[in-house]
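The values are calculated or read from the model by the stated rules, or taken from the named source; none is laboratory data. These numbers were taken from a predicted model, which means no experiment stands behind them. Here the Cβ is made from the backbone with ideal geometry for all residues, glycine too, and neighbour counts use every protein chain on show. Just so you know, the surface numbers come from the protein's heavy atoms only, side chains and all, with ligands and any DNA or RNA stripped out. Shrake-Rupley method; radii C 1.70, N 1.55, O 1.52, S 1.80 Å.
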Amino acid sequence: MPSMLDAVVVGAGPNGLTAAVELARRGLAVAVFEAAETIGGGARTEELTLPGFRHDPCSAVHPLGAGSPAFNAMPLARHGLTWLHPDLPMAHPFPDGTAAVLSHSVGETAMSLGPRDAGAYRRLLTPFLGKWDAIAVDFLRTQWDGPPRDPLTYARFGPVAAQPAALLARRFRDQKARGLLAGLAAHGIAPLGAIGTGGMALVFALAAHSAGWPVPRGGSQAISDALGSYLREQGGQIHTGFQVKRLDDLPPARAYVFDTSPTALARIAGLGNAYRDYRYGASVFKVDYALDGPMPWTAEAARRAGTVHIGPTYGEISAALHAAVDGRDPSVPFLITAQPSVVDPTRAPEGKHTFWAYGHVPNGWEGDALEAVERQLDRFAPGFRDLVLARATAGPPQLAARNANYVGGDIATGSVEGLRLLLRPKLTRVPYETAHPSVFICSSATPPGPGVHGMSGHHAARAVWRRLRGRESGGVPLTG
Ligand SMILES: Cc1cc2nc3c(=O)[nH]c(=O)nc-3n(C[C@H](O)[C@H](O)[C@H](O)COP(=O)(O)OP(=O)(O)OC[C@H]3O[C@@H](n4cnc5c(N)ncnc54)[C@H](O)[C@@H]3O)c2cc1C
């Protein structure tokens with residue numbers, strides 16, 4: 001290790017690794033320190049149940065990863081990352097055996113919503129088709145980061161995206177379209193009346209119509225391993241099994257970049273009450289299944305989809321979100337489920353499958369939601385329990401114990417309600433900078449927020465680079 005590093009990154013999640021890669025790529029000496037024994041944070045793969053069953057304890061499906069300007073500027077394919085696309089990005093089944101589908105094609109999606117809503121779906125999405133790259137660059141960033149690259153698309157997309165999902169849902173007349181929209185919005189764990197939840201639904205729908213909703217071959221660990229391999233190729237170092245408790249634990253560096261929660265950052269870097277007003281959001285109850293065969297969904301479309309949303313109606317999804325956010329036990333949870341082995345045979349022994357599901361629960365909730373989750377699954381895949389070879393569950397305490405960023409089990413590392421998604425971790429022009437001139441934050445607690453896309457790491461790396469260059473030219477005094 002050189003006597004003085006340029007940058008030390010704390011945490012090897014997708015954002016920490018992206019920040020490290022981007023700094024190393026600029027010729028800086030970079031080292032990453034990760035608490036866990038392996039890299040990846042929320043993008044990892046483990047044999048959680050039985051030998052040969054490769055589960056994703058956290059992220060599984062990657063619309064934002066496949067469409068990420070940061071990832072797409074890196075040669076990750078050369079480092080082992082292959083995106084696998086299921087037949088259908090997502091299916092949203094109903095109890096009568098039919099399903100709304102989110103397909104690559106807007107036409108197929110619109111048709112699945114029924115004749116009364118097909119036109120409204122087309123009208124909502126068509127202005128933004130083919131614009132993913134512009135939307136990703138302009139919206140997966142902070143709002144103060146200069147003028148938009150594509151002002152026209154920005155001006156059209158912004159006002160629609162700012163709306164609550166509840167308002168967008170009024171454009172539709174029937175349950176299929178309203179349920180599909182609510183399920184997409186529910187990826188951000190906030191009530192459907194919250195500002196910006198319509199934008200979340202739109203971004204996920206547009207991703208399906210452009211980059212898709214793929215899974216990485218071998219599991220989400222492949223994303224982290226590709227980032228790690230590229231980082232090492234650029235001369236970066238990675239140290240695992242190293243939990244950072246104080247800034248003094250780390251070697252001297254010109255910049256320290258934290259892929260952690262704001263709370264942990266304040267504690268470790270001695271920033272006092274800097275993030276006192278930061279709020280954490282609801283959590284999830286996660287179940288990973290080893291199955292003896294594919295999920296026996298009643299709806300044919302669900303068997304071909306990588307992701308299956310179990311709601312089904314706008315009303316049920318809305319009630320489930322409210323229960324989690326308001327601190328009530330889940331009774332009829334909305335489930336986001338994924339079945340990576342429909343497209344990736346490496347995830348399970350021949351003929352067997354891995355299945356991934358979570359429902360929302362309150363922050364810090366200590367109950368057991370397994371029965372509620374399985375009751376929901378059984379409505380749409382009757383008898384699936386007969387196929388279960390093994391299951392692994394994780395509620396808020398287990399999620400928090402596995403990754404310190406999930407405070408109270410909040411998988412988004414911060415509430416996304418109201419303007420909190422835009423103003424995280426606090427209202428400031430450069431959210432990646434802190435009160436300490438050598439300390440930066442790059443986790444999903446900064447814009448653009450949760451998901452495996454590395455964009456927070458990308459923007460944080462730019463902030464670090466600007467600061468270090470400023471120092472070299474005598475602009476800012478060197479400290480730390
Ligand atoms: C159950 C679940 C399902 C999800 N599903 C999806 C999905 O399908 N698609 C998607 O895009 N996203 C999904 N996510 C969200 C996604 O995983 C996160 O948004 C993403 O991983 C955030 O990346 P990050 O780099 O900011 O933080 P993390 O991935 O959380 O990484 C932070 C890293 O920092 C380390 N760390 C923390 N404190 C310290 C310390 N003091 N010292 C050293 N190391 C430290 C942690 O161990 C961890 O490795 C899911 C998350 C969960 C939990």
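Convex hull of alpha carbon positions in the range 161-300: directionally averaged projected area 14.0 nm².
Computed from label points 7 Å out along Cα-Cβ, the spacing between Arg429 and Arg78 is 3.8 nm.
Can you spot the lysines whose alpha carbon is less than 25 Å from Lys286's alpha carbon? Ignore those fewer than 8 places along the same chain. Reachable lysines: Lys352. Convex hull volume per residue, computed on the Cα atoms of the chain, equals 126 Å³. Modelled this way, with points 7 Å down the Cα-to-C-beta line, the labels at Arg122 and Ala162 are 3.0 nm from one another. Ordering 67-73, 187-193, 326-332 by mean Cβ neighbour count within 10 Å, with the highest value first, yields 187-193, 67-73, 326-332. For the pair Asp326 and Arg170 in one chain, pulling the backbone fully straight at 0.36 nm per residue adds 53.7 nm over the alpha carbon distance.
Ranked from largest to smallest solvent-accessible area, with a 1.4 Å probe on the protein heavy atoms, Leu76, Leu389, Leu427 come out as Leu427, Leu389, Leu76. Using heavy atoms of the protein chains and a probe of 1.4 Å, the accessible area assigned to Glu47 is about 100 Å². The heavy atoms of Asp248 offer some 120 square angstrom of accessible surface to a 1.4 angstrom probe. Sorted on the mean count of surrounding Cβ atoms within 10 Å across their residues, most packed first, peptides 55-65, 291-301 read 55-65, 291-301. At the residue level, Lys176 shows approximately 50 square angstrom of accessible surface with a 1.4 angstrom probe and all protein chains present.
Run the paramagnetic zone check for Arg375: 7 angstrom along Cα to Cβ, then residues of the range 392-407 with backbone nitrogen under 20 Å. Those under the cut-off are 393-396. Computed over Cα pairs, the Kirkwood radius of the range 146-185 leads via Stokes-Einstein (1.306 mPa s, 10 °C) to a diffusion coefficient of 138 µm² per second. Taking 0.36 nm per residue of sequence separation and removing the Cα-Cα distance, the Ala390/Thr346 pair yields an extension gain of 14.1 nm. Spacing of the modelled spin labels on Asp150 and His104, each 7 Å from Cα toward Cβ, amounts to 1.9 nm. For the range 104-124, the residues whose amide N sits under 17 Å from a probe point set 7 Å from the Cα of Glu300 along the beta carbon direction are 108-109, 111-114.
With the highest mean first, a sort of the peptides 98-107, 147-156, 232-241 on other beta-carbon atoms found within 10 angstrom per residue produces 98-107, 232-241, 147-156. Could you tell me whether the range 41-165 comes out rounded, prolate or oblate from its Cα gyration tensor? Rule is a ≥ b ≥ c as square roots of the eigenvalues, rounded for a/c under 1.5, then prolate if a/b exceeds b/c, otherwise oblate. Oblate shape, in that a/c is at least 1.5 and b/c is the bigger or equal ratio.
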